[in-house]
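Comments concern the structure below.
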Amino acid sequence: MDSKDMMDNMMGMAMGLSMASVFTRVMERTMENTMTTTTTRGAYENLMAQGQRYIYAVVDGRSCGPFSLQELTSMIRDGRVTAETYLWKAGMPDWMKAKDVTDIAPIVNEPPVFNK
């Protein structure tokens, strides 16, 4: 085997090791994100089932709460919380408008109910 072949083999091994390292890091991050999402989803479902207060809202210019999902739904129906109201709950990186919070958007975007 000449020096060119040896260099080619060494380069191939180095590239393989480099790719393995990148693949390992990607898989570790994917597993961390999957575990966090699953844990958060399970915790959220438990909070809903227990009627626990876990959602914060900006009402009249100040943060209030925590509220249960039932309390927040009542506030939406009363017009105190709208699609443009900022909400936050554990697991969210920052405050978001109610219309952009996945589990709240269907509630806040319902057509109003008219009483006759």
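The table for this structure:
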read-out	value
Chain lengthening between Asp5 and Ser74 when straightened (0.36 nm per residue, less Cα-Cα)	17.5 nm
Projected area averaged over orientations for segment 67-112, convex hull of C-alpha atoms, nm²	3.0
Separation of the Lys97 and Gln52 label points, Cα + 7 Å toward Cβ, nm	3.0
Separation of the Glu84 and Ile107 label points, Cα + 7 Å toward Cβ, nm	2.1
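Readers should treat all values here as calculations from the given coordinates under stated rules, not as data from a laboratory. None of the values given here were measured: they were computed from a predicted structure. Reconstructed Cβ throughout: ideal geometry from the backbone, glycine too, with neighbour counts over all protein chains shown.
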